[in-house]
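The values are calculated or read from the model by the stated rules, or taken from the named source; none is laboratory data. If you're wondering where the values come from, they're calculated on a predicted model, not measured in any experiment. A quick note on method: Cβ atoms are made from the backbone with ideal geometry, for glycine too, and the neighbour counts reach across all protein chains shown. With ligands, DNA and RNA removed, areas are computed over all heavy atoms of the protein, side chains included. Shrake-Rupley method; radii C 1.70, N 1.55, O 1.52, S 1.80 Å.
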Amino acid sequence: MKAKHQRLSLAVLALAALIGAGLLAASALRDQAAYFYSPADLQRTSVAPGKQIRLGGMVADKSIVRAPDGVTIDFVVADGPATTKVRFRGIPPDLFTENSGVVAEGAFGPDGVFVADTILAKHDERYMPPELAKTEAGTKHK
């Protein structure tokens, strides 16, 4: 076999291996393509208990209940009319409040409650640090 044919064969083999690896990676990530599931998504699809996912939505008004142990928090994540009960054990971020966005990482327990390992509080695009908000409020009144 000539050297030219040998190089061409190796190039075709390498290209086939790259395409195969890409297809395997894409099929493995297919179910995790969404950054998080919303409560409405969870009503449409079933997630097996114990499977690690991200749940995102708004913390429902008057839903945060702190347990007497001081570290367990129960709350409801809402997405329009769809809701999901969540339990978190730990210290939540400072931005975690009712009527604010949240992404919780964890899994559903056997009782159907989402048990969060991590809570990520989200702010909207209108968020402004308090120092800057005071400065802007002062310039609006001039």
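Among residues of the stretch 79-89 being open to solvent by 20 Å² or more (accessible area, probe 1.4 Å) and in a strand (DSSP E or B), the one that is farthest from ALA40 (Cα to Cα) is ARG89. Can you tell me how many residues in the stretch 49-78 are assigned to a loop (DSSP other than H, G, I, E, B), open to solvent by less than 60 Å² (accessible area, probe 1.4 Å) and farther than 15 Å from VAL102 by Cβ? Selection size over the stretch 49-78: 3. Checking each residue in the stretch 16-40 for being modelled with pLDDT under 70, of a type in the set (A, V, I, L, M) and surrounded by 10 or more Cβ atoms within 10 Å (Cβ to Cβ) picks out only ALA34.
Consider PRO49 carefully, then state whether it is touching a residue at least 24 places away in the same chain (Cβ under 8 Å) and in contact with a Ser or Thr (Cβ under 7 Å, 6 or more places away or on another chain). Even if it seems obvious, please write down each step before you answer.
On the way: touching a residue at least 24 places away in the same chain (Cβ under 8 Å): yes; in contact with a Ser or Thr (Cβ under 7 Å, 6 or more places away or on another chain): no.
Spelling it out, it is not the case that PRO49 is touching a residue at least 24 places away in the same chain (Cβ under 8 Å) and in contact with a Ser or Thr (Cβ under 7 Å, 6 or more places away or on another chain).
Filter the stretch 112-140 for residues that are modelled with pLDDT under 90 and of a type in the set (D, E, K, R) and give the result. Residues satisfying the conditions are LYS122, ASP124, GLU125, ARG126, GLU131, LYS134, GLU136, LYS140.
Can you find even one residue in the stretch 84-97 that is modelled with pLDDT under 90, more than 14 Å from the chain's Cα centre (by Cα) and among the basic types (Lys, Arg)? No.
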